[in-house]
1. Quick one: how many lysine pairs does the range 112-318 have with C-alpha atoms less than 25 Å apart and a gap of 8 or more or different chains? Give me the count, please.
2. With axes computed from alpha carbons, what is the tilt in degrees of helix 68-88 against the longest principal axis of the chain, rounded to the nearest 10 within 0 to 90?
3. Of [x] 24.9; [y] 21.2; [z] 23.0, which one was derived for Kirkwood radius over Cα pairs in Å from the structure shown?
4. If you take the Cα Rg of the range 211-250 and divide it by 2.2 N^0.38 Å, with N the number of residues, what do you get?
5. By how many nm would the segment from PHE283 to ILE260 grow when fully extended, if each residue of separation counts as 0.36 nm and the alpha-carbon distance is taken off?
6. Once fully extended, how much extra length lies between ARG248 and ARG108, figured as 0.36 nm per residue of separation less the alpha-carbon to alpha-carbon distance?
7. Using DSSP, restrict attention to beta bridges with both residues in the chain and report what percent are antiparallel, rounded to the nearest 5.
8. For THR208 paired with LEU85, estimate the spin-label separation in nm (one decimal), with each label point 7 Å from Cα along the Cα-to-Cβ line.
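Derivation of every value follows stated rules applied to the coordinates shown; laboratory data play no part. No experiment lies behind these values; they were computed from the predicted model shown. Cβ sites come from the backbone with ideal geometry, for glycine too, and all protein chains shown count toward neighbours.
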Amino acid sequence: MINVTIYYRKNDPESQAVIGYCQEMGERFPHQLILIDIDEDEDLQQRFEKTFPVLNVGPYVLHRPINRKDLEVVLGAASDRMQRLEKSGDKGYQDRVERGRQFSSTDRIVSWISRHYLALFNAILFLYVFLPFAAPVLMKQGLQEEARIIYTLFSPFCHQMAFRSFFLFGEQPYYPRSLASVPGAKTYEDIMGIDPAANEKTDAFILTARNFLGNDQVGYKMAICERDVAMYGSILLFGLVFAASRKRIKSVPWYIWLVIGVLPIAIDGFSQFPGLIAGLPAFLPDRESTPFLRVLTGALFGFMTAWYLYPLIEASMRETRSMFAYKRSAVAQMTSKD
């Protein structure tokens, strides 16, 4: 027996007419009628608001307006298709039918994730932004072993170079290289006792900058760099705004994301390579970005990337939620009729 699903609205005359047509053709084309009220699920409302009633049977779909003749053709085609599949002994078909009659543990897990993915993203990002702040706090409290665990956990994801990181509890919030030429700021070379004229394009210079955590005078380094703080913090900010808007913000066009989000961070980041890597062509000028530019480009990239991706993810998750809303209701109705 084929399953005929109708997405409808109560008290809608056209919906009731389609349901009536199906009931009239029940003897000629035996089927199980599954009725899904779109008003019982917000995602189904958004999906079918402009097209209900919608009738689905196997691979065939009819949208409003649905007349008796079209319905008869679809039911006949679906019945013939089911008979051919049953006669073929296709095990894959039988397995799909059986899965369609159950709401499994995997279905429950995926359905839950599709409804709560944004809260999960925001919670993970909160921890990713919060823990790097916790590292210098622990260092200040003398809990160095605990702090070093955090630094170690984040080291695969960030270069952690001191001259590109924020510091807490010190004389300044940052100590940029002298090459960055930040007015009035004590430089990384100053606090490390390095001659600004010395060759800084060495592995030893970079390794020392990665390993230096700070001290009571200059403060203690955060576990991720300035740009990462801004980037992940802005993704978290957009995630909170997106949640407050009930996920109704539309995706920014890809070219806006590219121009405002990607290009500034790419230019600011890649243009620093000659300032740290030896052996590059002489016509490439040595350059070091400033804390302001790192924060600005990181924030633009994070916010615009989230603005571009989150609505696309939500559209995909909405489809998933709609599918499981149907399956949950269909399984309940089939079970009650067995």
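1. Numbers: LYS140/LYS186; LYS140/LYS221; LYS186/LYS201; LYS186/LYS221; LYS201/LYS221.
Final tally of qualifying lysine pairs is 5.
2. Between helix and principal axis, roughly 80 degrees.
3. From the options [x] 24.9; [y] 21.2; [z] 23.0, the structure gives [x].
4. Working: Rg = 16.0 Å, N = 40, 2.2 N^0.38 = 8.9 Å.
In units of the globular-protein estimate, the range 211-250 measures up at 1.79.
5. Details: separation 23, 0.36 × 23 = 8.28 nm, distance 2.75 nm.
Roughly 5.5 nm would be gained on extension.
6. Working: separation 140, 0.36 × 140 = 50.40 nm, distance 2.48 nm.
Full extension from ARG248 to ARG108 adds 47.9 nm.
7. Working: 11 of 18 bridges.
The antiparallel fraction comes to roughly 60 percent.
8. Label at THR208, label at LEU85, 7.0 nm between them.
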